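To keep things clear, I will list the structure first and then write my remarks on it.
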Amino acid sequence: MRSPHNTLRFFAGLVLGAVGCLLVLEIALRFLPVYSGIRMTSGGGEQAFMHKLPHQPYVYSYGWNLANANRGMVNALGFTNSPDSMAPGGVIVVGDSYIEALMLDFPDTLQGRLARMMPGQVLALGTSGYGLADYLPLLETYASKFHPATVVIFIGGRDLDELLVKPLPGYNYFWLDDGVVKTRQIPYIESPLKEKVMQSALVRYLFYNLKVSLWINQLTGRFSVVKPALKADLQTNKELKQRYLDYFFDRLQQIAGQYRFKPVFLLDGDRKNIYLGRLETEKSKLDEVEADRRLFLGYARRANMSAIDMEPLFNRHWQVNRERLDWLPMDGHWNPAAHKLAAEAIIQALKEP
């Protein structure tokens with residue numbers, strides 16, 4: 001039978017061994033491109049949207065193997081892969097992480113390619129987590145400041161699904177107030193503890209690269225759903241999406257008219273099924289994502305707004321070149337080839353009357 005003294009020594013050895021392993025991991029990870037994270041402004045109050053704190057350097061990588069490692073600097077406006085300003089009459093590109101493009105250098109992004117053809121006339125406002133409800137206050141702020149002739153708005157495959165989902169703090173969402181559609185921003189205040197804890201490379205590796213935060217959010221229900229519950233009543237969800245889209249397009253037309261710019265939507269494509277060679281088969285099933293795509297394109301058509309559908313362009317590129325347009329299955333974000341195709345399509349759209 002083990003004596004109390006030996007038992008204590010045994011557990012003390014375990015603790016010291018664990019601490020030693022953690023210290024070795026911490027030191028090793030400090031020499032590797034662990035995602036640094038990017039600090040955000042405290043949203044809420046007079047500020048109607050959240051963006052990054054300006055002028056902060058960042059290190060980006062994805063997944064356990066630190067793939068797509070890259071370094072960059074947030075600009076003066078609080079955005080990445082964008083100049084600090086632009087001349088009137090240019091192009092503003094707004095979107096989520098696809099436009100943020102932390103894994104790419106500016107020249108490889110669609111906005112970087114546009115900037116080469118239109119020096120001093122391109123600005124990008126991309127932040128991971130942005131949705132349609134964020135684009136409205138974003139455009140009201142920056143269209144009034146920079147007076148673009150064109151605004152390109154990125155639409156991802158799940159953007160319409162996310163119309164019904166309450167986002168994380170700092171972001172906007174649509175909601176019904178006594179039957180009237182409104183937007184609301186969830187306040188965000190950065191925790192001083194988080195800032196200190198994130199100085200650890202090991203913590204950042206767990207939090208950002210291994211996505212432990214997503215598991216925690218799922219377990220705690222942080223990704224809650226705005227009533228009615230998503231998929232609980234498909235007809236109600238469809239009607240609610242249409243109410244929100246009515247509001248979005250009405251407000252966008254008002255903002256575009258006030259600041260005299262032309263909206264151009266840029267829709268992502270179903271790249272997974274393009275690679276598998278079953279795009280047409282899957283589209284014929286008219287699943288929720290495809291139904292949402294058609295719904296959105298119908299709204300754009302009725303509003304007389306241009307829409308660039310990247311799906312046929314991606315499909316043609318794959319059929320001819322067999323070149324992938326992302327890093328799937330690891331990461332679904334666009335790679336430089338996809339950004340190049342998008343930039344070419346936007347340039348073509350700008351030539352149209």
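In the stretch 62-85, the residues that are within 16 Å of K52 (Cβ to Cβ) and surrounded by fewer than 19 Cβ atoms within 10 Å (Cβ to Cβ) form Cβ pairs under 8 Å with partners that are β-branched (V, I, T) and at pLDDT 95 or above, at six or more places apart or across chains, as follows: N70/V59; R71/V59; M73/T80.
Highlighted here are the strands (runs of 3 or more DSSP E) found entirely within the stretch 1-118 that include at least 3 residues which are in contact with a helix residue (DSSP H, G or I) (Cβ under 7 Å, 6 or more places away or on another chain) and at pLDDT 95 or above: 91-95.
What number of residues in the stretch 165-175 are farther than 12 Å from A48 by Cβ and either free of Cβ contacts under 8 Å to residues at least 60 places away in the same chain or touching a helix residue (DSSP H, G or I) at 6+ places or on another chain (Cβ under 6 Å) (or both)?
Here is the first cut: in the stretch 165-175, the ones farther than 12 Å from A48 by Cβ are 165-169, 173-175.
Still in the list and also either free of Cβ contacts under 8 Å to residues at least 60 places away in the same chain or touching a helix residue (DSSP H, G or I) at 6+ places or on another chain (Cβ under 6 Å) (or both): 167-168, 173-175.
Qualifying residue count, the stretch 165-175: 5.
Would you check if L252 is crowded, with 18+ Cβ neighbours inside 10 Å, part of a helix (DSSP H, G or I) and in contact (Cβ under 8 Å) with a residue 24 or more places away in the chain?
Values: crowded, with 18+ Cβ neighbours inside 10 Å: yes; part of a helix (DSSP H, G or I): yes; in contact (Cβ under 8 Å) with a residue 24 or more places away in the chain: yes.
Answer is yes for this residue.
Taking the conditions (1) more than 24 Å from L136 (Cα to Cα); (2) surrounded by 20 or more Cβ atoms within 10 Å (Cβ to Cβ); (3) in contact with a strand residue (DSSP E or B) (Cβ under 7 Å, 6 or more places away or on another chain) in turn, R113 satisfies each one other than (3). Could you tell me how many of the residues in the stretch 144-164 are over 15 Å from M305 (Cβ atoms), more than 15 Å from the chain's Cα centre (by Cα) and either buried (at least 21 other Cβ atoms within 10 Å of the Cβ) or in contact (Cβ under 8 Å) with a residue 12 or more places away in the chain (or both)? Qualifying residue count for the region: 4. Cβ-Cβ contacts under 7 Å between residues 6 or more apart (or on different chains), taken from a first residue in the stretch 201-213 that is without any contact (Cβ under 8 Å) to a residue 40 or more places away in the chain to a second residue that is surrounded by 20 or more Cβ atoms within 10 Å (Cβ to Cβ) and assigned to a helix (DSSP H, G or I), are listed as S213/F207. Residue check: R294 meets all listed conditions (1) modelled with pLDDT of 95 or more; (2) exposed (fewer than 15 other Cβ atoms within 10 Å of the Cβ) but one, namely (1).
Assessment of the stretch 226-235 against the conditions (more than 30 Å from A337 (Cβ to Cβ), part of a helix (DSSP H, G or I), at pLDDT below 95 and more than 23 Å from the chain's Cα centre (by Cα)) yields at least one matching residue.
Could you please give the count of residues in the stretch 139-170 that are under 22 Å from A76 (Cβ atoms) and not in a strand (DSSP E or B)? Looking only at that region, the number is 11. Scanning the stretch 86-107 for residues that are free of Cβ contacts under 8 Å to residues at least 60 places away in the same chain, surrounded by fewer than 19 Cβ atoms within 10 Å (Cβ to Cβ) and touching a Phe, Trp or Tyr at 6+ places or on another chain (Cβ under 9 Å) turns up just one, A87.
The values are calculated or read from the model by the stated rules, or taken from the named source; none is laboratory data. Just so we're clear, the structure is a prediction, and the values are computed from it rather than from any experiment. Quick reminder, even Gly has a Cβ in these numbers, built from the backbone with ideal geometry, and neighbours come from all protein chains shown.
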